[in-house]
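Colleague: Once you've had a glance at the structure underneath, I'll fire off some questions.
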Amino acid sequence: MTRFFVEPAEMQPEFLVLTGENAKHAKVLRLKCGEEVLVCDGQGREALCAVSDVSEGQISLVVKHRQTSETEAKIRVSVYMAFPKADKLEHVIQKATELGAYEIVAFPSARCISKPDEKSLAKKAERWQKIAASAAEQSGRGLIPQVLTLPSYKAALQRAAQADKALLFYENERATTLTMALHTGVYETVSLLTGPEGGLEEAEVKQAMDAGLSVCTLGKRILRCETAPLCALSAVMYHAGEF
């Protein structure tokens, strides 16, 4: 079923109107009166609607039923990724959204090659959020993950540590595996933190431990910076019974 995202304030009780890009999309799909669509507020709530009128620049809908989205994971997983080179973050945002991430957070670390300034970061952030929205629509999500940027590694650690289970992945860790980490404790929120192309420095790993994060490994092989967060996210979702 065709899915549209609107602002929460646009979710009226009985009638909805699609305008702008949504109306253009509906026109491309050649929606007709009587056809059903799903309208989502991007925060996990959705409405089953029927098209009541198709006019230039807008599509009128009648609300038939409201519900909480059934496609959202019961566990909230935040993906923290150090700024990578090129468009690798775009790939992670798209795939993490499809896999069910609650949010994606980018931050700088010591070995980051990519260090966007404030001006370019603002433009990138807007694009990244659009990628998340598009991926959420394509994959049938009821929630659009927020794409956030933080000014420092310290800020990332402080925020990630607030999750019930906060994990950092380090290629030199040998004792604790992700499987071991996921089988301890009760948790509803998880944060997964990975480094850039050059990995995290030992001092940064110690800093993470001091902040309350648990350090674990993703296996015997070294994964690329764009592979690691998606691997960890998939494993967490599998462990939570989402697959």
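The values are calculated or read from the model by the stated rules, or taken from the named source; none is laboratory data. All figures in this text were calculated on a predicted structure; none of them were measured in a lab. Every residue, glycine as well, gets a Cβ built from its backbone with ideal geometry; the counts of neighbours run over all protein chains shown. Each accessible area value is taken on the protein alone, full model and side chains, heavy atoms only, with ligands, DNA and RNA left out. Shrake-Rupley method; radii C 1.70, N 1.55, O 1.52, S 1.80 Å.
Colleague: I'd like the per residue volume of the convex hull spanned by the Cα atoms of segment 1-79, given in cubic angstrom.
Modeller: Measuring per residue, one finds 104 Å³ for the Cα hull of segment 1-79.
Colleague: Using amide H atoms built in the peptide plane, which far-off residues or other-chain residues are under 5 Å from Thr149 H to H?
Modeller: Amide H to amide H, under 5 Å and 5 or more residues apart or across chains, Thr149 pairs with Ala106.
Colleague: Apply the Karplus parameterisation 6.51 cos²θ - 1.76 cosθ + 1.60, with θ equal to phi minus 60°, to every residue of segment 175-180 and state each ³J(HN,Hα) to the nearest whole Hz, in sequence, with x for glycine and proline.
Modeller: Karplus values, whole Hz, x for Gly and Pro: 7, 10, 8, 4, 4, 4.
Colleague: Same structure again: Would you rank Tyr187, Tyr80 by solvent-accessible area, highest first, keeping every protein chain in place and using a 1.4 Å probe?
Modeller: Output order, biggest surface exposure first: Tyr187, Tyr80.
Colleague: What does the convex hull of the Cα atoms come to per residue for segment 84-124, in Å³?
Modeller: 81
Colleague: What translational diffusion coefficient, to the nearest whole µm²/s, does segment 13-141 have by Stokes-Einstein, given a Kirkwood radius computed over alpha-carbon pairs, a temperature of 4 °C and 1.567 mPa s viscosity?
Modeller: The calculation lands on 77 µm²/s.
Colleague: Please report Rg (one decimal) and Dmax (integer) in Å for the Cα set of segment 107-225.
Modeller: Reported Rg and Dmax, both Å: 15.6, 42.
Colleague: Just the Cα atoms of the chain, one point each, no solvent: what log10 I(q)/I(0) does Debye give at q = 0.08, 0.14, 0.15 Å⁻¹?
Modeller: Per q value, in the given order, log10 I(q)/I(0) is -0.36, -0.89, -0.98.
Colleague: Viscosity 1.567 mPa s, temperature 4 °C: give me the Stokes-Einstein translational D for segment 187-243 in µm²/s, with Rh taken as the Kirkwood radius over C-alpha pairs. List each step's numbers first, then the result.
Modeller: On the way: Rh = 12.6 Å.
After rounding, the answer is 102 µm²/s.
Colleague: Counting only heavy atoms of protein chains, what accessible area per residue, in Å², does the chain have with a probe of 1.4 Å?
Modeller: 53
Colleague: In whole percent, and with a 1.4 Å probe on the protein chains, what portion of the accessible area of the chain is carbon and sulfur?
Modeller: Its accessible area is 50 percent carbon and sulfur atoms.
Colleague: Here's another thing I want to ask about it. Quick one: ranking Arg141, Arg76 by accessible area, 1.4 Å probe, largest first, what do you get?
Modeller: Most to least solvent-accessible, the answer reads Arg76, Arg141.
Colleague: If the cut-off is 17 Å between C-alpha atoms, which aspartates and glutamates fall inside it for Lys32, apart from same-chain ones fewer than 8 positions away?
Modeller: Partners found: Asp53, Glu56.
Colleague: Another question about this same structure. Ordered by packing density, taken as the mean number of other Cβ atoms within 10 Å over each peptide's residues, highest first, how do 115-127, 214-226 rank?
Modeller: Answer by packing, highest mean first, reads 214-226, 115-127.
Colleague: Right, next: Going from most exposed to least, what order do Phe5, Phe15, Phe107 have by accessible area with a 1.4 Å probe?
Modeller: Final ranking, largest accessible area leading: Phe15, Phe5, Phe107.
Colleague: Just to be sure I understand: of the beta bridges DSSP finds with both ends in the chain, what percent are antiparallel, rounded to 5?
Modeller: 45
Colleague: Could you rank the peptides 87-93, 19-25, 190-196, 129-135 by their average count of other C-beta atoms within 10 Å per residue, with the highest value first? Walk me through the intermediate numbers first.
Modeller: Working: 87-93: 20.0, 19-25: 14.1, 190-196: 26.4, 129-135: 18.0.
In descending order of packing, they fall as 190-196, 87-93, 129-135, 19-25.
Colleague: Would you grab the residues whose amide H sits under 5 Å from the one on Phe5? Only those 5+ places off in sequence or on another chain, please, with H modelled 1.01 Å from N.
Modeller: Cys40
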